[in-house]
Amino acid sequence: MSLEEANRTRRKVVAAGIAGNVMEWYDFAVYGYFARTIGNLYFPADDPKASLLAAFGVFAAGFLMRPLGAILFGYIGDRVGRGPSLLLSVVVMAAPTFAIGLLPTYSEIGIAASLLMLVFRLLQGLAVGGEYTGSAVFLAETAHPDKRGFAAAWALFGAVGGILLGSAAGTAVLNWLPLEQVVAWGWRVPFLLGVVVGGVGFILRRRMPHDTPAAKSGFPLFQAIEQYPVQLLQVAGLSLINGIVFYIVFVYIITWLKQATNMGAAVALEINSITMALMLGIIMFFAWLSDRIGRRPILASAAIGLVLFAWPLMALMQTGATAFVFLGQLGFALLVGAYGAAIPITMCEIFPRHVRCSAVSTAYNVTLGIFGGSAPFVAAWLIDRSGYNLIPAFYIMLASGLSALAALSIHPRAHGAIADSVLPHLPAAAPAG
């Protein structure tokens, strides 16, 4: 295979690897950005705060399905193949996303609307459980040994790109439609458009090369629990920043800015979109750097930076001045982006191939299911109970401190740590980008 053919095949592999992440995180972002509207329409209550908490509660319920999805899709990834697992996950996500866009409200069909919203979110949570980690494993295993950090980071690039796309869709709806039309029907448009994103992902993944199953027998997750318990705990600790910090800073922050500074949702979404767009470049730069200086220095430095700067950055944003809100969120984007860039490859390097999908998916998604999905709810609850708008910063600091300890506990890995897992029929010698 020529270098040009290898690069073309590699680009197709990357596109297929990130396509599902774009779809799945697009939907989760759209739900988070329209949580207030969804709360009022599907979980009405006399107290607006109660409706908002109910909406974020359903957001959290979707995340609680992630561990089950991780077990299911991790098993498929290890025993059937990485490709079939990724293809199935994007289908399971796209269908309920489209259904939410058509779902009648509580005023139209009563409690059935609330229950159906919950069911759809549970299905989406199931799909997400195998998506991000499955694509990270797939991308890492098919990359050049010296470029695995950069290659695996495309999974996070796709996830952030999906959230950015959701943010852009929310911004467009809020800017182009009067508020009454947004509430009446406009909020549905991003959900309905999600089927287009899902369709593209499905087409790309149908064309992926099929890999040989990594595990020939047994239940890989049980093997991982028995043989690699410390490594599972390390991945769980590493995942706290991706869960708690990310979802407070880039999903809940829209609601927080409205409550703490009375900033309009349209302006907050614009700032969010710009900082997340910049974070895409930050992610790929630090992923590239991780292939040169190692994973641990980047992870530990970024985590400690969040411990030191979480409160100052949120205090800066609380001023409500557009420039200060932007600078505060940009600071978070730099630290979270640098940290997240090294996470996909670090998780893959910790485990051998025959248990990799199951172990990485389960450890990561149990943490995200418990702490990630509940992060907006916990942040809103803490503010409601304390009356202190900056209290989420202390939650961020706690999570970041624990992640820093997990990062420091990991022994530095050689770049060839997963060399045995490269799929032989893919262009492993081609550049990752």
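Before we move on, is ALA302 touching a Leu at 6+ places or on another chain (Cβ under 6 Å), open to solvent by less than 10 Å² (accessible area, probe 1.4 Å) and small (Gly, Ala, Ser)? When the stated conditions are applied, ALA302 passes them. Here VAL80, VAL128, VAL90 are screened, and the one residue that is in contact with a Pro (Cβ under 9 Å, 6 or more places away or on another chain) and either of a type outside the set (Ser, Thr, Tyr) or surrounded by 21 or more Cβ atoms within 10 Å (Cβ to Cβ) (or both) is VAL80. If you go through segment 25-36 one residue at a time, do you hit one that is closer than 30 Å to SER217 by Cβ, touching a residue at least 24 places away in the same chain (Cβ under 8 Å) and over 18 Å from the mean Cα position of the chain (by Cα)? Checked against the condition, which is being closer than 30 Å to SER217 by Cβ, touching a residue at least 24 places away in the same chain (Cβ under 8 Å) and over 18 Å from the mean Cα position of the chain (by Cα), segment 25-36 yields no hits at all. Does PHE73 qualify as being open to solvent by less than 10 Å² (accessible area, probe 1.4 Å), farther than 22 Å from GLY199 by Cα, of a type outside the set (Gly, Ala, Ser) and touching a Gly at 6+ places or on another chain (Cβ under 6 Å)? No; evaluated as a whole, the condition is false for this residue. Of all the listed residues (ALA379, ALA341, ALA310, ALA321), the sole one being on the phi < 0 side of the Ramachandran plot and free of Cβ contacts under 8 Å to residues at least 12 places away in the same chain is ALA321.
When GLU108, GLU141 are screened for being closer than 29 Å to PHE219 by Cβ and charged (D, E, K, R), only GLU141 passes.
Test PRO392 against the criterion of being at pLDDT below 90, open to solvent by less than 10 Å² (accessible area, probe 1.4 Å) and within 25 Å of ALA61 (Cβ to Cβ), and give yes or no. It is false that PRO392 is at pLDDT below 90, open to solvent by less than 10 Å² (accessible area, probe 1.4 Å) and within 25 Å of ALA61 (Cβ to Cβ). Consider TYR106 carefully, then state whether it is in contact with a Leu (Cβ under 9 Å, 6 or more places away or on another chain) and surrounded by fewer than 20 Cβ atoms within 10 Å (Cβ to Cβ). Taking the combined requirement at face value, the residue satisfies it.
The residue of segment 409-433 that is modelled with the lowest pLDDT, among those that are touching a Lys or Arg at 6+ places or on another chain (Cβ under 7 Å) and in a helix (DSSP H, G or I), is SER421. Close Cβ contacts (under 9 Å, 6 or more residues apart or on different chains) running from residues in segment 63-76 that are touching a residue at least 60 places away in the same chain (Cβ under 8 Å) to residues that are open to solvent by less than 50 Å² (accessible area, probe 1.4 Å) and acidic (Asp, Glu) comprise GLY69/GLU131; PHE73/GLU131. Could you tell me whether any residue of segment 135-157 is more than 22 Å from ILE298 (Cα to Cα), open to solvent by 10 Å² or more (accessible area, probe 1.4 Å), in a helix (DSSP H, G or I) and touching a helix residue (DSSP H, G or I) at 6+ places or on another chain (Cβ under 9 Å)? Within segment 135-157, not a single residue is more than 22 Å from ILE298 (Cα to Cα), open to solvent by 10 Å² or more (accessible area, probe 1.4 Å), in a helix (DSSP H, G or I) and touching a helix residue (DSSP H, G or I) at 6+ places or on another chain (Cβ under 9 Å).
Among residues of segment 262-275 that are over 12 Å from ALA321 (Cα atoms) and at pLDDT below 85, those with a Cβ under 8 angstrom from a residue that is surrounded by fewer than 24 Cβ atoms within 10 Å (Cβ to Cβ) and small (Gly, Ala, Ser), sequence gap 6+ or separate chain, pair up as SER273/ALA168.
Restricting attention to segment 27-69, the residues that are hydroxyl-bearing (Ser, Thr, Tyr) and either modelled with pLDDT under 70 or open to solvent by 10 Å² or more (accessible area, probe 1.4 Å) (or both) add up to 2.
Might you let me know whether segment 68-90 holds any residue that is of a type in the set (Asp, Glu) and either under 25 Å from ARG353 (Cβ atoms) or in contact with a helix residue (DSSP H, G or I) (Cβ under 6 Å, 6 or more places away or on another chain) (or both)? Yes - at least one qualifying residue is present in segment 68-90.
Tell me, yes or no, whether segment 106-120 has at least one residue that is in a helix (DSSP H, G or I), among the small types (Gly, Ala, Ser) and over 24 Å from THR37 (Cβ atoms). Checked segment 106-120: no residue is in a helix (DSSP H, G or I), among the small types (Gly, Ala, Ser) and over 24 Å from THR37 (Cβ atoms). If the condition is being within 23 Å of the chain's Cα centre (by Cα) and either hydroxyl-bearing (Ser, Thr, Tyr) or at positive phi (or both), then segment 95-116 contributes only THR97. Output yes when any residue across segment 121-129 is of a type in the set (Lys, Arg) and more than 30 Å from PRO352 (Cα to Cα), and no when none is. Yes; the residues of segment 121-129 include at least one that is of a type in the set (Lys, Arg) and more than 30 Å from PRO352 (Cα to Cα). Residues of segment 214-239 that are hydroxyl-bearing (Ser, Thr, Tyr), under 18 Å from GLU349 (Cβ atoms) and not in a helix (DSSP H, G or I): TYR228 alone. A search for C-beta distances below 8 Å between a residue of segment 390-406 that is in a helix (DSSP H, G or I) and any residue that is of a type in the set (Phe, Trp, Tyr) and surrounded by 18 or more Cβ atoms within 10 Å (Cβ to Cβ), counting only pairs 6+ apart in sequence or on different chains, returns PRO392/TYR252; PRO392/TRP256; ALA399/PHE371; SER403/TYR339.
The values are calculated or read from the model by the stated rules, or taken from the named source; none is laboratory data. Model, not experiment: these values are computed from the prediction. Cβ atoms come from the backbone with ideal geometry, glycine included; neighbour counts cover every protein chain shown. Only protein heavy atoms, including side chains, enter the accessible area calculation; ligands, DNA and RNA are left aside. Shrake-Rupley method; radii C 1.70, N 1.55, O 1.52, S 1.80 Å.
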